[in-house]
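Note sheet for the following structure.
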Amino acid sequence: MLAVFKREVRAYFYSPIAYVLIGFYILLCSIFFLPNLYGGRADFNSNLSSMGFLLLFIVPILTMRIYAEDRKNGTEVLLMTTPVRLTGVVLGKYFAVLFVFLVMTAITLIYPIILAIFGNPPVSQIVGGYVGFILLGATFISIGVFASSLTENQIIAAVVAFVMLLVMWLMDAISSMLSGLLSKALSWFSLLARYSEFNLGILNISPIVYYLSFTAVFIFLTVRVIEKRRWSQG
């Protein structure tokens, strides 16, 4: 798993994709931060919500190559025949994308640091917001990795991931327009319903377990997809 992780991290940072994405992401986050800087607003968690929305576009681009590229180049066969267990390969790739995401997130810590220098922001609320943001990003990445495992076309992988993430993002709004059992079912699948608690600085074990479970399910599905393809190829 560690060898796969290192290989994928090198692939990201030896190519322009990581630097372009990180630069673009930080640029947009900086634009969102300007009202805090010039308006004296200490509420940073609203920025985290906007940053979360950006993940709908960033994550599909970040994850689209993770399996699709291997299938297109024919290197997936090497991964399937490696002595490492298939689950280890999937986890290695997943953690590589997660690492890039965490690097992006770490850079954004400069914003609350600036607020702390010039004001008195609610630290506990910001910490809770970042915990929720990281869990939300980790869940999004598991969905993007799953989408990439379905096709060898990176553009299709990005589009599938974006559509899936968009549906997840709108699930809470859709459930609010409905009623009865269907509304409750959609609300249960809503990722944003749990994220709102973190945004208030509330750290409960239930939403943390929910995000981790959601991530584990999509990693499991990714393993099953690749395993099925390995057996079909003999």
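A few notes on this one:
- 28 Å Cα cut-off, lysine pairs counted over the stretch 2-232 (separation 8 or more, or different chains): 6
- Angle in degrees between helix 123-148 and the longest Cα principal axis of the chain, rounded to the nearest 10: 20 degrees
- Rounded to 10°, Cα long-axis angle of helix 45-63 versus longest principal axis of the chain: 10 degrees
- Value of D in µm² per second that Stokes-Einstein yields for the chain, Kirkwood Rh from Cα pairs, at 37 °C (0.692 mPa s): 175 µm²/s
- Residues Trp169, Trp188, Trp231, arranged from fewest to most other Cβ atoms within 10 angstrom of their Cβ, appear as Trp231, Trp188, Trp169.
- Annotation: the residues Thr87, Thr222, Thr215, sorted from fewest to most other C-beta atoms within 10 Å of their own C-beta, follow the order Thr87, Thr215, Thr222.
- Debye, to nearest 20: dipole size of the chain, +1 on Lys, Arg Cβ, -1 on Asp, Glu Cβ: 540 debye
- Taking 7 Å steps out from each Cα toward its Cβ at Ala173 and Ile156 produces label points 2.9 nm apart.
- Cβ-Cβ distance of Ser213 and Leu102, R₀ of 25 Å, FRET efficiency by 1/(1 + (r/R0)^6): the value works out to about 0.80.
- When Met164, Met51, Met177 are sorted by how many other C-beta atoms sit within 10 angstrom of their C-beta, beginning with the fewest, the order is Met177, Met164, Met51.
- Helical contribution to [θ] at 222 nm, DSSP H n ≥ 4, -39,500 (n - 2.57), averaged over the chain, rounded to 500: -28000 deg cm²/dmol
- For the chain, the longest principal axis of the alpha carbon atoms and the long axis of helix 16-39 meet at an angle near 10°.
Read the figures in this text as sums done on the coordinates, not as results from a lab. Keep in mind that this is a model prediction, so the values were computed, not measured. With ideal geometry, Cβ positions are generated from the backbone for all residues, glycine too; neighbour counts draw on all protein chains shown.
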